[in-house]
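Below: the structure, in structure tokens.
The values are calculated or read from the model by the stated rules, or taken from the named source; none is laboratory data. Worth saying up front: this structure is predicted, and the values here are computed from it rather than measured. In this analysis, Cβ positions are derived from the backbone assuming ideal geometry, glycine residues included, and neighbour counts consider all displayed protein chains. Keep in mind that these areas ignore ligands, DNA and RNA; they rest on the heavy atoms of the full protein, side chains included. Shrake-Rupley method; radii C 1.70, N 1.55, O 1.52, S 1.80 Å.
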Amino acid sequence: MNFEKTIQAIPQLHTHNHAHIIHGLVRWLKPTQVMEIGAYMGYMTCWLARGMQENGLPGSHLYVVDDFSLHEGNPANITNALAYVECNHVKTTIMPMRSQDIELWPRIDMAFIDGDHSYEGVKHDFDKCVAAGAYCLIIHDTVGWHGPRRFIEELDRAEWHVLEVNFDSGLGICIKKFPKHECTYKEGAAVL
């Protein structure tokens, strides 16, 4: 199966040109617990699952949160999309609700936030994901929508590395800053 050709049959909303970036982040950072907030018909879900499946890490789990109020979607759309592109080997839990209604958040490493686009909604999702352990958060629609844009502009850059992708409707990639290790090779040191 040609994944990139097959996935084109799955409807998406302004995420097509961001898919390779997000897939690359999953492959690079190797998260085992990933949450997607706002899945629509499962296009980005498939890219997240594809990266996790390619990483092949034991215990990998993808959580998909969506109340499916947009365009009369439903959980079966996600399940069918994953099966259609043969990315249904990663354990996936579909949570048919708003993120604000989750009572017990699972531990997560990475999150793709594309749900409630109000400032308060993005802040809620970001804060909850960080509290659940996320060290990489990807926020969609940072150009086209006021809430995600304002959130990215106000994010504390002392705590987060932020890369902004300003094409299409925008993407904000936030990676938690960790202390740097001591420099191994000092100026003037002999290199063997």
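If I take R0 = 45 Å and measure r between the Cβ atoms of residue 83 and residue 178 in this structure, what FRET efficiency does the formula 1/(1 + (r/R0)^6) give, to the nearest 0.05?
That pair, residue 83 with residue 178, gives E of 0.75.
Provide the percentage of antiparallel DSSP beta bridges, counting only those with both residues in segment 37-192; round to the nearest 5.
50 percent
Could you rank the peptides 37-50, 172-185, 128-141, 148-161 by their average count of other C-beta atoms within 10 Å per residue, with the highest value first?
Result, highest mean Cβ count within 10 Å first: 37-50, 128-141, 148-161, 172-185.
Given a 1.4 angstrom probe, I'd like the percentage of the accessible area of the chain that is carbon and sulfur, rounded to a whole number.
Numbers: 5430 of 10150 Å².
On the chain, the fraction of accessible area on carbon and sulfur atoms equals 54 percent.
Given the -39500 (n - 2.57) contribution per DSSP H run of 4+ residues, what per-residue ellipticity at 222 nm results for the chain, rounded to the nearest 500 deg cm²/dmol?
-9000 deg cm²/dmol
Give me the accessible area per residue for the chain, probe 1.4 Å, as a whole number in Å².
Details: 10150 Å² over 192 residues.
I get 53 Å² per residue for this part.
Would you grab the residues whose amide H sits under 5 Å from the one on residue 33? Only those 5+ places off in sequence or on another chain, please, with H modelled 1.01 Å from N.
61, 109, 110
At 7 Å along the Cα-to-beta-carbon direction for both residue 5 and residue 127, put a label point, then send me their distance in nm to one decimal.
Each label point is offset 7 Å from its Cα along the Cβ direction, giving 4.8 nm.
Could you work out which residue, out of 70, 104, 62, moves most in a Gaussian network model of the chain, that is, has the largest mean-square fluctuation with Cα springs under 10 Å?
104
Less than 24 Å apart at the alpha-carbon level, and either on another chain or at least 8 residues along: which lysines does that give for residue 176?
Candidates past the 8-residue exclusion: 30, 123, 128.
Given (i) 112; (ii) 134; (iii) 153, which label gives volume of the Cα convex hull per residue in Å³ as computed from the coordinates?
(iii)
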